[in-house]
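To keep things clear, I will list the structure first and then write my remarks on it.
Every number in this text was worked out from the coordinates using simple rules, so none of it is lab data. Please read all numbers here as calculations on a predicted model, not as lab measurements. Every residue, glycine among them, receives a Cβ derived from its backbone with ideal geometry; neighbour counts consider all protein chains shown.
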Amino acid sequence: MTRQLYIVRHAESHSVHHYKTDIERELTPVGIHQVHELGKHLIESSVQIDLIITSPAQRAKTTALLIANSLNYPDNKIELASKIYSGNLNDLLNIVKEIRDSNQQVLLVGHNPTLLEFINFLSAVKKQSMSTCELTQLSSATNWHHTIEGSFHYVSGYRSANQ
């Protein structure tokens with residue numbers, strides 16, 4: 001069975017100067033518009049997500065929530081994973097390896113530069129950068145717990161026109 005991993009960098013957020021801590025940063029109006037555009041793209045592509053996993057940072061949670069709303073995915077089923085915010089490539093790899101195989105299409109929302117490094121690790125594509133609210137779709141015939149370097153291939157990408 002083919003598994004789809006949709007990796008999304010959070011949408012545009014306010015600078016840290018507006019907040020006490022980085023984790024509190026919220027989306028800008030442009031960021032909210034970016035997520036709505038991404039949601040429309042996912043709907044037009046007939047994407048049906050089985051699981052959403054996000055960083056606990058406010059900007060990532062809001063990105064995940066807005067995508068979930070677009071796809072009629074239940075808000076209370078969004079999983080928070082602190083290692084997406086504070087971790088490294090190996091932490092992301094462990095998160096993916098723990099996904100139940102019943103989840104065929106998974107959306108992961110997080111941060112640069114770790115997401116970029118993770119995409120390059122999982123697939124042969126060697127992206128140089130990742131814009132806010134950018135989506136990369138990867139596919140694999142491997143079970144989640146067998147995920148290793150190079151076990152996914154690049155399917156498609158999407159970037160909002162508001163970049």
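Of all DSSP beta bridges located in the chain, what percent are antiparallel, nearest 5?
Numbers: 12 of 24 bridges.
If we restrict to bridges inside the chain, about 50 percent are antiparallel.
What is the projected area of the convex hull of the Cα atoms of segment 1-134, averaged over all directions, in nm²?
Numbers: hull surface 32.6 nm².
So the mean shadow area of the Cα hull is 8.2 nm².
The long axis of helix 29-44 is offset from the longest Cα principal axis of the chain by roughly 30 degrees.
With neighbour counts taken as other beta-carbon atoms within 10 Å, the residues Asp22, Asp75 rank, fewest first, as Asp75, Asp22. Loop-located GluC sites (Glu not before Pro) across segment 27-124 with a Cβ neighbour count of 13 or fewer within 10 Å are Glu98, with loop assigned by DSSP.
Pairs exceeding a 21 Å alpha-carbon distance, out of Lys20/Lys77; Lys77/Lys97; Lys61/Lys127; Lys61/Lys126: Lys20/Lys77; Lys61/Lys127; Lys61/Lys126. Sites count as exposed loop sites when they are trypsin sites (Lys or Arg not before Pro), lie in a DSSP loop, and have at most 12 other Cβ atoms within 10 angstrom; the longest stretch of the chain without one is 21-99.
Note on Lys83: aspartates and glutamates with a C-alpha under 12 Å away, same-chain residues under 8 apart excluded, are Asp91.
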